[in-house]
Amino acid sequence: MLRHYQTARISWPAALALVVLIASAAGIFIFWRLESWPARTIGQGTEDLERLGKDLRSAFIDIAHLQPRITINNRTVVDEATPTAELAILERQLKVKREFVHSWAGSSKRIKLSGTFIAKAGFDLRQDVAVDVHPDEILIQLPHAEIVGVEERHVDVLALENGLWNKITGADLQNELAQLPEMARRQAMEIGLPAEAEQELQRQLNKRIHARQTLKLVFTNVPRMEPPVTNR
């Protein structure tokens, strides 16, 4: 009975010391976690931004066949561009008509043409394209969209009328035919095809990049203005 009592007296101080030791170790661990929390948070945030930068790079390669300059928190992580001249985002079929009438000494000649063209709107990627990734937003700097191509599909000659002494020449016909693609280009500008291309690029990037940050397109030039389409 005495031996048991002596053992209990010896065990209680040891148990108390063990409890104090465990509490001290737990306090040190919690203090270390609190001290290192900002650094770990920043490190994890940087890793997330770098991962997002890689996703943006992949998206531009898939959509535009272009590797833009990518900056994360003002630090350039990709500074290399694949040389691609133009990127077409949207296509639209357009029909234009043109009529030419010339009178001389009471004699008139007339040419009337109709043409079907495919207008393509997109971006001139020979200009600087850059992506800036920040914790709260993603800024993509690029030029405004423009008409990057007009392809002829079909041309109809609706009228070729000669005057008695004022005849249609080959130069007359070639000049009128040459005006049709430019008319289609101006018509594409008038209906807002470049603006639609910018909206489509935004849509494709939002679909491709699932980021919590707001993605903004920042245009670095002034959009081109075209004169209105006329038949002459």
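So here's what we get for this one:
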quantity	calculated
Total residues in the range 111-146, condition surrounded by fewer than 20 Cβ atoms within 10 Å (Cβ to Cβ) and over 16 Å from ARG185 (Cβ atoms)	14
Options ARG153, ARG185, ARG126; residue that is touching a residue at least 40 places away in the same chain (Cβ under 8 Å), farther than 22 Å from LYS97 by Cβ and of a type in the set (D, E, K, R)	ARG126
Unique residue being at pLDDT below 90 and in a helix (DSSP H, G or I) when the list is ASN231, ASN175, ASN221, ASN206	ASN206
Residue ID - farthest from the chain's Cα centre (by Cα), chosen from residues in the range 93-150 that are within 23 Å of LEU205 (Cα to Cα) and charged (D, E, K, R)	ASP136
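The values are calculated or read from the model by the stated rules, or taken from the named source; none is laboratory data. Predicted model, so just to flag it, every value in this text is computed and none were measured. Note that we place each Cβ from the backbone using ideal geometry, even for glycine, and neighbour counts take in every protein chain shown.
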